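To start, the structure under review is shown below, and the notes come after it.
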Amino acid sequence: MSHELRTPLHTIIGYSELLLDETQQLEIEHPELMAGLQKIKEAGAHVVSLISDVLDMSKIEAGKTELRITTFEVDDLVDAVIATIKPIIEKSGNALKVNGKTNSGEMTSDMGKTQQVLLNLMSNAAKFTDNGRIELDVQREACNGSDIIKFEVRDTGVGMSAEQIEKIFEPFVQGANARSRDQTGTGLGLTISREFCHLMGGDITVASKLGQGTEFTVRLPATISASRE
């Protein structure tokens, strides 16, 4: 299923990128052509993202999700997340600030899943915040004789009510305050993020007030025990 769906989509995305490169010099004369190609590329990438969410959730429900444990620098992880998410955050006029990452050291965990969790959270922050501020705080803390890495994603966006917070990690739930142009996801991102955190021996929590922004906190063991591999 993954191969059959992704292969034609990646072909569409690839050809749209080639056409964008070829017609770059025509942008002034034919701006509508460039805009159309860009929409094709973005739509294809969006559908790939939706498919990935559905497949991830299917694996979780079937108990087939596996961890790929490696040792990596937390700084490198954060740099990769910021490089991906910064244009999305700035597109809505938001300022981005990262705190604490230079003191976080190494993790022995699943880098890909940790990165996906942070991208989900920061993408959500960008969806629900205009001309505001989004922050990522990174801290290493001692806990019961071992270290944990704490990631906090904070925004100054629309926030959530108590009723919304109660349901936010349920599958296919989207924030009721989402602007209509952003209500295009599967509503699985936060569910998948929480399941990934649990698989890695950690957790994710949320605090929010309507109209006053939202803060998600992810706590993960700095080193995953061998029994979780």
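The values are calculated or read from the model by the stated rules, or taken from the named source; none is laboratory data. Bear in mind that the values here come from a model prediction, so they are computed numbers and not experimental data. A quick note on method: Cβ atoms are made from the backbone with ideal geometry, for glycine too, and the neighbour counts reach across all protein chains shown.
So here's what we get for this one:
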| item | result |
| --- | --- |
| When residues of the range 85-104 are limited to those that are surrounded by 12 or more Cβ atoms within 10 Å (Cβ to Cβ) and within 24 Å of Ala142 (Cα to Cα), the one modelled with the highest pLDDT | Val98 |
| Every residue from the range 3-36 that is surrounded by 11 or more Cβ atoms within 10 Å (Cβ to Cβ), at pLDDT below 80 and assigned to a helix (DSSP H, G or I) | Leu5, Arg6, Leu26 |
| Test: residue in the range 49-60 that is without any contact (Cβ under 8 Å) to a residue 12 or more places away in the chain, over 21 Å from Ala125 (Cα atoms) and either in the same structural domain as Asp137 (by TED's automatic domain parsing) or of a type in the set (Lys, Arg) (or both) | yes |
| Check on Ser161, surrounded by fewer than 19 Cβ atoms within 10 Å (Cβ to Cβ) and either modelled with pLDDT of 95 or more or assigned by TED's automatic domain parsing to the domain that holds Ile89 (or both) | yes |
| Residue count, the range 46-82 (criterion: part of a loop (DSSP other than H, G, I, E, B) and touching a Gly at 6+ places or on another chain (Cβ under 7 Å)) | 1 |
